[in-house]
1. Tell me, what is the FRET efficiency for residue 36 and residue 127 to the nearest 0.05, using R0 = 30 angstrom and their Cβ-Cβ distance as r?
2. Stretched out fully, how many nm does the piece from residue 72 to residue 94 gain, at 0.36 nm a residue minus the Cα gap?
3. Taking 0.36 nm per residue of separation and subtracting the Cα-Cα distance, what length does fully extending residue 261 through residue 12 add?
4. Cross-chain or 8 or more residues apart, Cα under 19 Å: how many lysine pairs in segment 3-265 fit that? Count them up, please.
5. Arrange 137, 130 by Cβ neighbour counts within 10 Å, fewest through most, would you?
6. For a footprinting-style exposure proxy, rank 5, 95 by other Cβ within 10 Å, fewest first.
7. Restricting everything to alpha-carbon atoms, can you work out Rg to Rh for segment 163-267 with a Kirkwood hydrodynamic radius?
8. Among 205, 32, what is the fewest-to-most ranking by other Cβ atoms within 10 Å?
Amino acid sequence: MSDWIYAVILGIVEGLTEFIPVSSTGMLLLTKKALALPDANWDTFIVLIQLGAILAVVVLYFSRLWNVVVRLPSDPRARRFVLSVLLAFLPAMVIGFLLHDFIKQVLFESPKVICVSLIVGGVVLLLIDRFAPHPTRNDAMNLPLGASLVIGFFQCLAMIPGTSRSGATIVGAMLMGVEKRAAAEFSFFLAIPTMTGVFVLDAWKNRHELAHGHIGLVAIGFVVSFVVALGVIRAMLAIVTKRGYAPFGWLRIAIGGVGLALLMRGG
């Protein structure tokens, strides 16, 4: 297959998995492995196209986000929301910057780590869906600053591929008493600065390796992930509202189990 077909496939995987708690990075790396794409540039591609899915959040929540921007000078609640997102972003910003090379060179190259993380994370989702504290907060734009910071530390767990950024932040939020749908929405909002920061850092560190042809492939993956993510976000919120996170927990366990079986079979 040609490279643009690979770009479309990876873009679809990214759009499908960025916001559901199954680990988009883990799914992308396993897909890359299944497609036998050894080129290290594809790891950079995987990171860069995630911004396409993040743009879908901006589009879907544009009116609410724009309202915050407009009210920033005059409304303490708007400033508090921005501060809560920035506080949640801070731990990942610091740790991600310090460990960027280790994450890409070591953890990104271990399919077994990804599969085990998928299974462990699936079990955690099943447990949190059933035994989480009774929710006391149902507004993702009005969380206590302390709770936001704790959620930010949970997000750092997603630096292990297969853990899931959205899954880690959702679990952290629910442990802080945030209602299921609101936990998902705060995870969406937190994704905006987090994935933008990852995009900028990775693009800068690999600026000399991004040939013109590779930029074209990134553009294809970016657009595909954006379009797919638009539909996935709505679908995820509908599933979470009706059935919670258990379906995603079982999905993680199934994917991780199949992945481990294939790895063992292949030696």
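1. 0.25
2. This chain segment gains 5.4 nm when fully extended.
3. Full-extension gain reported as 87.2 nm.
4. Count of close lysine pairs: 7.
5. Ranking 137, 130 by Cβ neighbours within 10 Å, fewest first, gives 130, 137.
6. 5, 95
7. Expressed as Rg/Rh, it is 1.05.
8. 205, 32
Just so you know, all these numbers are worked out from the coordinates, no wet-lab data involved. None of these values were measured; they are calculated from a predicted model. Don't worry about glycine lacking a Cβ; one is built from the backbone with ideal geometry, like all the others, and counts go over all protein chains shown.
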